[in-house]
Every structure is written in structure tokens, then in C-alpha cells.
1. Please verify whether Gly196 is outside the structural domain of Arg88 (by TED's automatic domain parsing) and within 19 Å of Arg88 (Cα to Cα), treating the condition exactly as stated.
2. Among the candidates Gly155, Gly196, Gly206, single out the residue that is in contact with a Gly (Cβ under 7 Å, 6 or more places away or on another chain), surrounded by 17 or more Cβ atoms within 10 Å (Cβ to Cβ) and in contact (Cβ under 8 Å) with a residue 60 or more places away in the chain.
3. Among residues belonging to segment 118-134 that are of a type in the set (D, E, K, R) and within 15 Å of the chain's Cα centre (by Cα), point out the one that is surrounded by the most Cβ atoms within 10 Å (Cβ to Cβ).
4. If we scan segment 66-82, do we find a residue that is closer than 24 Å to Lys119 by Cα, touching a Ser or Thr at 6+ places or on another chain (Cβ under 9 Å) and at pLDDT 95 or above?
5. Go through segment 213-235 and give me each residue that's surrounded by 12 or more Cβ atoms within 10 Å (Cβ to Cβ) and without any contact (Cβ under 8 Å) to a residue 40 or more places away in the chain.
6. Looking at Arg179, is it buried (at least 18 other Cβ atoms within 10 Å of the Cβ), touching a strand residue (DSSP E or B) at 6+ places or on another chain (Cβ under 7 Å), part of a loop (DSSP other than H, G, I, E, B) and not assigned by TED's automatic domain parsing to the domain that holds Leu97?
Amino acid sequence: MNGEITEGGRWLKENDIITIIDLNLKPPKEYRLEIEIIYEDNYLAIINKPAGISVSGNKFKTIQNTLSYNLKESSEKGKLNWPLPVHRLDSPTCGLLIIAKTKTARVKLGQAFENKEVKKTYHALVIGKVEGEGEINLEVESKKAISLYQAIRMGRSLKNNFLTLLELKPETGRTHQLRIHCQSIGCPILGDKIYGKEGEVLKHKGLFLSAVGLRFFHPITNLELLVSIPTPKKFLKRLESEERRFKHYNKE
């Protein structure tokens, strides 16, 4: 209750927050896929999720099923029976994902997300020309949704005319928010099979969207954690290869 493990007979007061965790689930089947661990301690971990794998779900090949294989077991008294993701990334999205290893960490991290205290940064390679910075304020599923964007680099493309590498910061956390917002300004994310332009979705290349930065306070120590990873190499390679092709076919 209120971010702490509490005995069942405690009296409730107004505005108390109750979180129920089911600890009787069967342990997940171990999926032996090695994943990159960016940060880990006794309470939580931050991994670099590969693209093309669901975080969880009713199937074997999920991030959930890789965690016990990749992470060290917590030595804390209030440890979870197995590590659990505390938020989601779309299956085709890669990048930073927070994992809870104790009950208290899971509750407090969940509250931090609910209170919008976890700040996330993404990089995306989008189709089209975007310059400078700005804000996209467009409802998603009839709910308020705001994303900030800033152009990092732009290049010419034979297929798409322009490609732009963007930094994106969602102020809200709606499903597919960044993908919908990029599409709304006429610059869908490269490789987006749902919101991309027909005939411009690359085959077998995946979605060019990655969670590259996290900023939040540690649920136990209260120290600020700033975690970042580089832009995925495939984003830069695609941008550079398209620029070379454009220059090659547009020689004077």
C-alpha cells in the first residue's frame, strides 16, 4: 500500500493507493536469448530490448521469458519470484526497458510511470523533411497526447526524397503515440507497417524507432538515474546509404 508491502489487516485511509500483485503465477518458461544489460542492481535492471520481440504475452519467445536467464537473482528479502517488466515497448520497437526485481520496486516504479515521473527519449528515422524542433499535440484514442520533437540529422533519399533522424520525447504515454504523431505531421516512421505510407514500408528491415534514454529516481535509493544508449547503427547506416545512392544517381 502506498508503495510499501503491507499486512492484510491494515485499516485504509482516504487516498491510500492499493496495488495487488499476483505471486502465484507459474514461473515463465526460460527463453535462452542473450540480451544486453545496461544497468542492474538488487532492485531493478534496465535492458536493451531487441526489435521484433514482444515484452510479454501468451507465447514463448518474449522478453519476459528471457529475464531469469539474463539477470542475477536479487538477494533482497522482498524479491519477486522472477523479474518483471514494469512498462511496455511495442514488439517492433527496440531500446531501454525497465525491469523490477523486488515487490517494492515494482510498486514504486509503477507509481512513477502513472505519475509521469519517468522521462523517456526516443530516436526515430522518419520519412520526410523535418527541421528544427516543435510539439505535436494530438489526441490518441480520444485522450490527451503530447510529443516533443527535435531534428538531429536530415538526408536525401531516392525512394523517399528525404529522411530525417528525430529525437522524440513523449509527454504522455498513449499506445502507439509516437508512431501516430509522426504520421500526423506527414512523416511516418520508416518501416511502420501500421501507420506508414503504402509502398514505402521496407521489407524485413523492421521499425526504425528506439528508446534511447531514461531519466527517473531509483525506487529504493531515490538517487536520479540517467541512462542512455547510442542511436542504433542500422538507423545511421540507412541514412548514409540513402544519401550515397541519391548522390550517385544525381551526379551532374
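1. Details: outside the structural domain of Arg88 (by TED's automatic domain parsing): yes; within 19 Å of Arg88 (Cα to Cα): no.
For Gly196, the condition - outside the structural domain of Arg88 (by TED's automatic domain parsing) and within 19 Å of Arg88 (Cα to Cα) - is not met.
2. Details: Gly155 fails: in contact with a Gly (Cβ under 7 Å, 6 or more places away or on another chain); Gly196 fails: in contact with a Gly (Cβ under 7 Å, 6 or more places away or on another chain).
Answer to the selection: Gly206.
3. Here is the first cut: in segment 118-134, the ones of a type in the set (D, E, K, R) are 119-120, 129, 131, 133.
Then drop every residue that is not within 15 Å of the chain's Cα centre (by Cα), which leaves 119-120.
Working: Lys119: 13, Lys120: 22.
Of everything passing the filter in segment 118-134, Lys120 is surrounded by the most Cβ atoms within 10 Å (Cβ to Cβ).
4. no
5. Lys234
6. no
The values are calculated or read from the model by the stated rules, or taken from the named source; none is laboratory data. Treat the numbers as computed from the prediction; the structure is a model and nothing was measured. Quick reminder, even Gly has a Cβ in these numbers, built from the backbone with ideal geometry, and neighbours come from all protein chains shown.
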